[in-house]
Amino acid sequence: MIELVFAAAVMLIIMSSSSAVMSVTERQAEESSRQAQALAIAEEGIQASISIADRSWTDLELGEHGLSIGSSPAMWIFQGTSDTNAGYTRTIEVSESDSDTKKVVVIVTWHPRPDRTATVEQELLLTDWTFI
Amino acid sequence: MIRRGVTIIETVMYVAVLVIMTGILLAFTISLMTRSAKVRAVIEVNQNVEFAMEKIAATVRNSKDATAPADGGGTGPILTLTMPEAAKSPTIFALTEGVLTMQEGSGPAVPITSAGARVTGLNFQNLVDPVAHARTSSSWIPCKKEEYNGWWFGVCCYKGKDKCWDVVSAWIHVFVLRDAKLGSCLVATAAKSVIRYQLTVSAPAAAVGAEWGSSATFYGAATIPRQN
C-alpha cells in the first residue's frame, strides 16, 4: 500500500511539472503571435512616417502623434497623440536629430495580462534631402 | 511459516486506486495533447503570417505600379501590381477559399499560405502618391554617365566634395538624378504609391482557445518606389 501511494505521488509530481512546462510554452506561443502583430503595426507606423516626410518635410511635426488616414485625399496624417487598434496603442515620437534630420520612434504597447504591459519599438532617421 | 494473503478489501482498494490513477493519467495525456496541438497551431499561423507579409512587402517594393486598388485611396481584396519583368506582370495577390495566392503573369495562382492558417480577411488600400518634390539642385552637378546592363545611369556629384550619388537603387526614397535633357541634377522624392494591407488569419479549427481569440489581424505597409 505504501509503495502504491509513493508511486502515485511521484506520478502526480511528474504530471504537475509537465503541465507547468506546457502552460509556459502555450503562453509564449500566444505572446509571440501578439508580438508579431505589434511589430507589424510598428512597421506600418514607420512606412507612414516616411510617406508623410516625402509629402512634406514640415508635415513631419515634432512631438508625439497618432496616425489616421485622411478621407480626401486618402493619405496618412498625424492625428492626436496616439492611435489604438485591436488593443494595440501606437505612438509616433518625432524629435530633431540635427537641422536636416529627424528621428522617428514608433512605440506600440499592449496588455497581454491586465497587470502587465508589453512594448515594441522601431526607430528611423529621416533626412530632408530637398535642402541639399 | 505462515504467509499472509491479501484480503478482498485490500484488493478492492488497490483496484480502485489503480482505476483512479489511470483516469487521471488519461485525462492529463488528453489535455497535454490538446495543448500541444494548440501551440503547434499558433506557431504555424505565425510562420504563415510572417512569410505572407514579407512576400507582399517585397513584391510591392520591387514593383513599378499598382493598378488595383485604384490610386487615391482605393480599397479592395485584390492587389494587382505591374512588375518590371513582363513575364511576371501583372502580379496578383488574392484570397481563394481561405488561402492567400500569388499569380505572376500568365502563370497559375500559387498558394503562399498553408492549410495551417486560414486567411479569413484580406484588404489592400492604395494611398495617395506623395507629392513629388523636384527642383534643380545647385549643389549637385552632373559628373558622368554610365551604362550598365542596358540601363543608363546619370551620376551627380556634390559640388566641391567627393560625394557622388547614383540613380540606382529603388530602395532609397529620395535620390538625386541627372536630367538628360537639361543636363542638370534634380533633387526629387522617389516614393510613388504606398500600399497598406491587412491580413486576418485564424487557426483552422478549435485548436486555439478563447484567450487567443478566434482570429488575429496583421497590418503592413510598403512603398512602390519611383521609377527612373
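For residues that are polar (S, T, N, Q) and assigned to a strand (DSSP E or B), scanning just region A:114-132, find the one that is modelled with the lowest pLDDT. Among residues in region A:114-132 that are polar (S, T, N, Q) and assigned to a strand (DSSP E or B), the one modelled with the lowest pLDDT is A:THR127. Would you pick out the residues in region B:102-118 that are free of Cβ contacts under 8 Å to residues at least 40 places away in the same chain, surrounded by fewer than 18 Cβ atoms within 10 Å (Cβ to Cβ) and at negative phi? Listed by number, the residues that qualify are B:GLN103, B:SER106, B:GLY107, B:PRO108, B:ALA109, B:VAL110, B:PRO111. Being at the interface with another protein chain (Cβ under 7 Å from one of its Cβ atoms) and more than 24 Å from B:GLY74 (Cβ to Cβ) is not true of A:GLU93. Whenever a residue of region A:17-45 is within 17 Å of A:ARG116 (Cα to Cα), its partners that are at pLDDT 90 or above and among the β-branched types (Val, Ile, Thr), lying with C-beta atoms within less than 6 angstrom and at least six residues away or across chains, give the pairs A:ALA38/A:VAL108; A:ALA38/A:VAL120. For region A:70-90, the set of residues classified as open to solvent by 50 Å² or more (accessible area, probe 1.4 Å), more than 24 Å from A:ALA118 (Cβ to Cβ) and assigned to a strand (DSSP E or B) consists of A:ILE77 only.
With respect to the stated conditions, B:LEU32 fails to be more than 10 Å from every other protein chain (Cβ to nearest Cβ), not in a loop (DSSP other than H, G, I, E, B) and not small (Gly, Ala, Ser). Looking at this structure, is A:SER49 within 30 Å of B:ASN48 (Cα to Cα) and facing chain B (nearest Cβ under 8 Å)? Taking the combined requirement at face value, the residue does not satisfy it. In the set B:VAL17, B:VAL99, B:VAL60, only one residue is within 11 Å of another protein chain (Cβ to nearest Cβ), surrounded by 15 or more Cβ atoms within 10 Å (Cβ to Cβ) and within 29 Å of B:ALA117 (Cα to Cα); that residue is B:VAL60.
The values are calculated or read from the model by the stated rules, or taken from the named source; none is laboratory data. All values reported here derive from a predicted model rather than from experimental measurement. Note that we place each Cβ from the backbone using ideal geometry, even for glycine, and neighbour counts take in every protein chain shown. Side chains included, ligands, DNA and RNA excluded: accessible areas come from the protein's heavy atoms. Shrake-Rupley method; radii C 1.70, N 1.55, O 1.52, S 1.80 Å.
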